[in-house]
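Accompanying notes for the structure given below.
Derivation of every value follows stated rules applied to the coordinates shown; laboratory data play no part. Only a predicted model underlies this, so the values are computations on that prediction, with no experimental measurement involved. Because the Cβ atoms are built from the backbone with ideal geometry, glycine has one as well, and the counts that use them run over all protein chains shown.
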Amino acid sequence: MSVATALPGRLTFGPIRPRSRRRELGLLVLVAVALVVGSVSLGATRALAEGSASFAPWDPARLVVYLAALGMAHVAQVLAGRRTDQVLLPAVGLLGGLGLLLMERLPQDLAGSAFGDSLGLAGVQLVWLVIAITVIAVLSIVVRSDTWLRRYKYTWATAGIGLLLLTFVLGEEANGALLTIRLGPFSGQPTELLKVILVVFLAGYLSEFRPLLISESTRLGPLRLPPLPYLLPMIVMWALAFGIVVIQRDLGAALLFFAVFLALVYVATSRVSYVVIGLILLVLGGIAAYHLFDHVRVRVDIWLDPFADPSGDGYQVVQALIAFARGGLLGTGLGGGLPLVGGRLPIPAIHTDFPLAALGEELGLIGIMAILGVYLVIIERGLRIAAAAADDFRALLAAGLALVVGVQAFIIAAGNLKLIPLTGITLPFISYGGSSLLANAVVVGLLLALSDRGVEPPPPPSRSRGRFDRLLRRSTS
Amino acid sequence: MDPTIATIWVVRVLFLALLYVFLFGVARVLLRDLRSAAREPVTALGRLRVVASEVDEPSSGTVFPLDAVATLGRDVNNTIVVDDPFASTEHAVLSFRGRAWYLEDLGSTNGTFLNGSPVDGLAAVAFGDELQVGRVRFRLERVGG
Amino acid sequence: MSGGGRGGPPRATPIGQGIVRLGIVLLAAFGILAAGAGYWQVARSADLVGRPDDPLLIAAARDVVRGQIRDRDGHVLATSKKDANGEPYRVYPSKAVAPLIGYASRQFGTAGLERAYDAELSGIRGPDPVDELMAKFTTDRYRPQDLKLSLSLDLQKEAVRLLGSDRGSVVMLDPRSGEVLAMASTPTYDAGAIADPATAAAAFAATAADPAKPFLDRAVQGRYVPGSVFKIVTAIAGLGSGAIGTGTRFVRQPPAEKTGLLVSGFRIKDGHHDFTGARPLAFPEAVEVSCNIYFALTGLQTGGDALSSWAAKLGFGAPIPFDVPTATSQVTNGGGSFGGGFADDVELANASYGQGETLATPLQMALVAAAVADGGTLMKPHVVTQLSGRDGATNIAPETWRQVVSPEVAGQIRDAMVLAVEGDSGKLFTPGAAVPGVVTAGKSGTAQLDGSAKPHSWFIGFAPANDPQVAIAVLVESGGSGAAKASPIAGKLMADYLDSVAK
């Protein structure tokens, strides 16, 4: 053991060595350039509408704060020296920036709270974006073990259910759905956080019982099912979440949970029969809900023919479609769309439920394709992290997290485009709202942590180290 | 055409183009990742098999694939959690540096043992060696070997 | 980290495979999203932009001075004024055109041509797509266009005057081009009062509450039992399909004049023309004296399928393409098993002379007359002939819609219709329809209604018969026989038009 003396002292978590992230930096620079150009485009369009020619960026201060936050997150990752994914942060940064530009061009009084009135819509969104970026950076650096997620899955599940029950007690009704909890000046939508908890629970449960779920012992006619006792807790957990969400009238979340549940079960078991059973249940549940609940029926009827009542029930959907249509191929340009009628927007919930329609109008089909492309990039990264994961739990967790973002984006985008009935769910990273941004930041932070390929083996002891490195080591040891 | 309007048009189209430049940049990174992933086989540096355990976690026979650094201890934040009252919260670190494995005791109460002898500070570990943390004994194994 | 879990049984399929499949599914899902965006943003873009509920239009209503609407002689039908705040509002000089032109009101939206051409009049849609793209960025993004109509305000006013206090409608077309010369619907209303912000609320409420339904544009939206004027449709089907010829006579017809024609236990009565005696009528005479039994037999001989499909060529069964939305005229309620949607032979026999379940709009019946007048060719009806703005003008050219029947068949029907107006017996049914000095063709109708309601009075026709320049349909609700109200109105209006053209 003669080598021992040549090694530096204690290495509790190994020495933290900064590690450059050139790809991330390059992509972040592109994001910054794009957002600055977008801001100039918005500013010039706004100036022209008021009759002057100016090419100053629209509200440069907020943009600088936002870009600085992204930069800090990058620097933090560099200093932490973990070998994590380098694409996720820029991709999320671009979507968040688009959301910020959108909030800046909307009437600022949409924020609608005491907190929001002073800051304005864009101000509030900026605060949440900075918090979200911080959460991403902290989680990606601090989370080094998944045991706390893996081991306490039932605790998480219980916490999730508790959170939902809390909504019943403290919930406030908005747009016919019980979604918001208000505690003093703070309000939030617990279903956003619940989706993360659901994925953690499902990943833990499915990875633990995967071998048993694959083995077939129960036969139901032509269907081969796993031993029922192992399926039961999962079904109960799902039904509970689903049931509560249906009672809360949050159809979007119900659809999201169901899709993520089915997809994860499929990934864990490679069993098409589960998916088929799930889809049959979905169709049956949908038909039952259509006949049982008025709010479901109204949504579906609007979806089938929004033009039947274009100024009543179908109003928002028709207006969204008209916005898309007005955008055409190239769009009206940032700040050039969304005509105000008597100082009001044609779509009241544009900042939460219809940001895609707004971007569709202002950026056109070309812009929509790019935005969809960025979501696909996030999904691809998530699934790649899942595929490279060291074990089943991490694989299922990463796949589930990627799914949450992808499926949620799909549900609201498809709702905006009248491909499926509209549900009140946010467009990840773009929609206005703290709960949504925070929950999705947790998703991305965990994905980054899961993507860590471990600390690189240090170079041979003989090689001299930089001063910065020594400084850092001294401060951490 | 009015030059201002023409310029706004250019800025707008430039913005849309930049979105695609970004996607193009991402695509390049993704392709490079794919290529490098194809080059290096995705295997752990080694693995730690539990050969004997008197506790539930880890149970006997469990296999842990190893990254460059793995921490062992009772705390849930460890890479390998040893849920044994005889283990300390942060008990030991197993690391791969250069071409060799090293085991370091983090000042545990009951000590860390390598092939039956207590580890004082840092000790080199070879494949096939036995490590003991609390009442759990591991063996370091070569992957695929 | 803690891989392998319990190190249990071997894995059936690697988890990676499921992840790859998942990725493919998500990729496909986003592909569908992109296709959906393409559908709404490109394929459907043109029809959605400029819909009446497009907020751009609603915003435009507040500050855009809409284009003017003028008739064929340049008379202003709709223009704009500014109120005390400098916001524009619409002014309508003549009430006679109200049901067709509609209104554009800040409080109550738009109707009629103002609604159908909202995008063009307020100028959010330009004639040139590239220019339109550029205009999205200018402060001056609206490019209002003026509409020029083929309508003659003089004729329209005269039509409204002749209809008087009756509820009814007149549609006059140039059969050679399909251009609408007059399209009246009574009662009319004061569109100017609805557009004027000061009087809008009261005027709108009063008009909407009027039991005579002035907002209903009877010419295109009113569906009426056509009665005998529908015999021209039956004639087109019978002669066109070859089921009858002009010489066809039915031996069952004369005895049935007295006892009624028994069809499956239902007795079709006639009784208008006992004076024709025991000799079976040929086609021209049957038109002249408007013989119900002859046309019931013709319909039965032609068959339900043929009658429905020939009527469909004339426009029945689907909304007629026109500048404002049109109601669907029908030969039958449809769904029957007898052929062509008829329930049984009784319904077919009744429909053949315009009773049964047959319903037609005045525009539809004017097109029937126009088709015969133009040698069997039906031109697409239209009233807007030109859009003009500061970017230039677009003319809307006449367009052939369909060739309904051969010129020979059209000629045979025309001759019979001349007899119905100029013949010794025909004159009795169509007093006042003949234009002095011009050979006129036509057919009157008396549409029997359920119960004791007074029948609708109809007339369709065209003049001059040898070189038709104008086709007309006149309907007077509960106006009694065709002879009583509709025929003289038609004669006067056709004479006025031919006079004005001759000058």
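Amide H to amide H under 5 Å from C:Ile124: which residues, 5+ apart in sequence or cross-chain, H placed 1.01 Å off N in plane?
Placed amide hydrogens put C:Arg143 under 5 Å from C:Ile124.
Work the Kirkwood hydrodynamic radius out for chain C: mean of 1/r over every pair of different alpha-carbon atoms, inverted, in Å.
One decimal place: 25.0 Å for the Kirkwood radius.
What ranking do C:85-95, C:213-223, A:431-441 get when scored by the average of other Cβ atoms within 10 Å per residue, highest first?
Details: C:85-95: 16.6, C:213-223: 22.0, A:431-441: 24.2.
Highest mean packing first, the order is A:431-441, C:213-223, C:85-95.
Angle check, please: helix B:3-39 long axis (alpha carbons) against the longest principal axis of chain B (alpha carbons), in degrees 0 to 90, nearest 10.
The two axes meet at around 30 degrees.
So what is Rg over Rh here for chain B, counting just Cα atoms and using Kirkwood for Rh? Could you put the intermediate results ahead of the total?
Numbers: Rg = 25.3 Å, Rh = 18.3 Å.
For chain B, the value is 1.38.
Across every pair of different alpha-carbon atoms, what Kirkwood hydrodynamic radius in Å does the range C:393-467 reach?
Radius from the Kirkwood sum: 14.5 Å.
What percentage of all Cα-Cα pairs in the range C:160-270 are separated by more than 18 Å? List each step's numbers first, then the result.
Working: 4355 of 6105 pairs.
When every Cα pair of the range C:160-270 is considered, 71 percent fall beyond 18 Å.
Alpha carbon centre of the range A:76-139 versus the range A:301-374: separation in Å?
Cα centroid of the range A:76-139 versus Cα centroid of the range A:301-374: 23 Å apart.
Using only the Cα atoms of the range A:370-448, what do you get for the radius of gyration and for Dmax, in Å?
13.0, 40
Along each of its three principal axes, how wide is the spread of alpha-carbon positions in the range A:287-431, in whole angstrom units, largest first?
Between the extreme Cα coordinates on each principal axis of the range A:287-431 lie 57, 44, 22 Å.
Any idea how far apart A:Met72 and B:Val143 come out in nm if each label point goes 7 Å out from Cα toward Cβ?
3.7 nm
Taking a spot 7 Å from the Cα of C:Ser478 along the direction of its beta carbon, which residues of the range C:444-471 have an amide N less than 20 Å from it?
Flagged as within label range: C:445-459.
Can you give me the Kirkwood hydrodynamic radius for the range C:243-356, using every pair of distinct Cα atoms, in Å to one decimal? Please list the in-between numbers first.
On the way: mean 1/r = 0.0669 Å⁻¹.
Here the Kirkwood hydrodynamic radius works out to 14.9 Å.
So how strong a dipole does chain C carry about its Cα centre when Lys and Arg Cβ are +1 and Asp and Glu Cβ are -1, to the nearest 20 debye? Can you show the working numbers first?
Values: 45 positive and 48 negative charges, 220 e Å.
Dipole magnitude for chain C comes out near 1060 debye.
To the nearest 20 debye, what is the magnitude of the charge dipole of the protein assembly as shown about its Cα centre, counting +1 on the Cβ of each Lys and Arg and -1 on the Cβ of each Asp and Glu?
3640 debye
If you bin the C-alpha pair distances of the range A:285-372 every 10 Å from 0, what whole percents do you get?
Percent of pairs per bin, in order: 18, 39, 29, 12, 1.
Please express the shape of the protein assembly as shown as an equivalent ellipsoid: the semi-axes are the square roots of 5 times the eigenvalues of the C-alpha gyration tensor, given largest first in whole angstrom.
One finds semi-axes of 80, 34, 22 Å for the protein assembly as shown.
Using the Karplus equation 6.51 cos²θ - 1.76 cosθ + 1.60 (θ = phi - 60°), what ³J(HN,Hα) coupling, rounded to whole Hz, does each residue of the range A:147-153 give in order, writing x for Gly and Pro?
For the range A:147-153, the Karplus curve yields 4, 5, 7, 5, 7, 9, 4 Hz.
Identify, among A:Ser270, C:Ile24, A:Gly160, the residue whose Cα sits farthest towards the positive end of the charge dipole of the protein assembly as shown, taking +1 on the Cβ of Lys and Arg and -1 on the Cβ of Asp and Glu, with the dipole about the Cα centre.
A:Ser270
Lysines within cross-link reach of C:Lys443: Cα-Cα under 23 Å, excluding same-chain residues under 8 positions apart?
Within the straight-line cut-off, C:Lys443 pairs with C:Lys231, C:Lys269, C:Lys313, C:Lys380, C:Lys427, C:Lys454, C:Lys485, C:Lys492.
Can you give me the span-like helices of chain C, meaning DSSP H runs with 27 Å or more of Cα extent along the axis and Kyte-Doolittle mean at or above -0.5?
Within chain C the helices that satisfy the rule are C:15-38.
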